[in-house]
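Below: the structure, in structure tokens.
The values are calculated or read from the model by the stated rules, or taken from the named source; none is laboratory data. None of these values were measured; they are calculated from a predicted model. For neighbour counting, all protein chains shown are included, and Cβ atoms are generated from backbone atoms with ideal geometry for every residue, glycine included. Accessible surface is based on the protein model in full, side chains and every heavy atom, while ligands, DNA and RNA are left aside. Shrake-Rupley method; radii C 1.70, N 1.55, O 1.52, S 1.80 Å.
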Amino acid sequence: AVTAWVPTGCHSGVVEVERSVTAVLGQDVVLPCRYRAQEQEQVVQVTWLKRGPAGHNAEVAVLNQQHGEHVQEPYVGRVLRRASGALEDGAIILKN
């Protein structure tokens, strides 16, 4: 999920993700997520969730502009942010 600051009366941008990502067992995989911001928008947080059984979502990682990155157990050491800088690129790398 991408959180963007949107001034009143403005249109919001577009979240671009892949519908499907293919991974090879034992190798790293990039999970892409890009936000095409509109004028005066700023992404302040990206939250990655894992969808589980019966629609239950578990938080994997939070990328926050002010507070940095926070990765939940059991993903510590396995989830890295792909790019530094602005959060419009909120892609992560899932290791192994």
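Laid out as a table, the results:
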| read-out | value |
| --- | --- |
| Given (1) part of a loop (DSSP other than H, G, I, E, B); (2) open to solvent by less than 90 Å² (accessible area, probe 1.4 Å), number of the condition E16 does not satisfy | (1) |
| Residues (in contact (Cβ under 8 Å) with a residue 12 or more places away in the chain and of a type outside the set (D, E, K, R)) located in region 78-96 | V79, L80, A86, L87, G90, A91, I92, I93, L94, N96 |
| Entirely in region 51-96, the strands (runs of 3 or more DSSP E) that have 2 or more residues that are more than 14 Å from C33 (Cβ to Cβ) | 57-64, 68-71 |
| Which numbered condition V6 misses (of (1) surrounded by 10 or more Cβ atoms within 10 Å (Cβ to Cβ); (2) aliphatic (A, V, I, L, M); (3) modelled with pLDDT of 90 or more) | (3) |
| When residues of region 53-77 are limited to those that are farther than 18 Å from L31 by Cβ and touching a residue at least 12 places away in the same chain (Cβ under 8 Å), the one least open to solvent (accessible area, probe 1.4 Å) | Q65 |
| Criterion (out of contact with any strand residue (DSSP E or B) (no Cβ under 6 Å at 6 or more places or on another chain) and modelled with pLDDT of 90 or more) met by exactly one of L63, L25, L31 | L25 |
| Matching residues, region 26-42, being within 19 Å of V60 (Cα to Cα), in a loop (DSSP other than H, G, I, E, B) and open to solvent by 80 Å² or more (accessible area, probe 1.4 Å) | Q27, D28 |
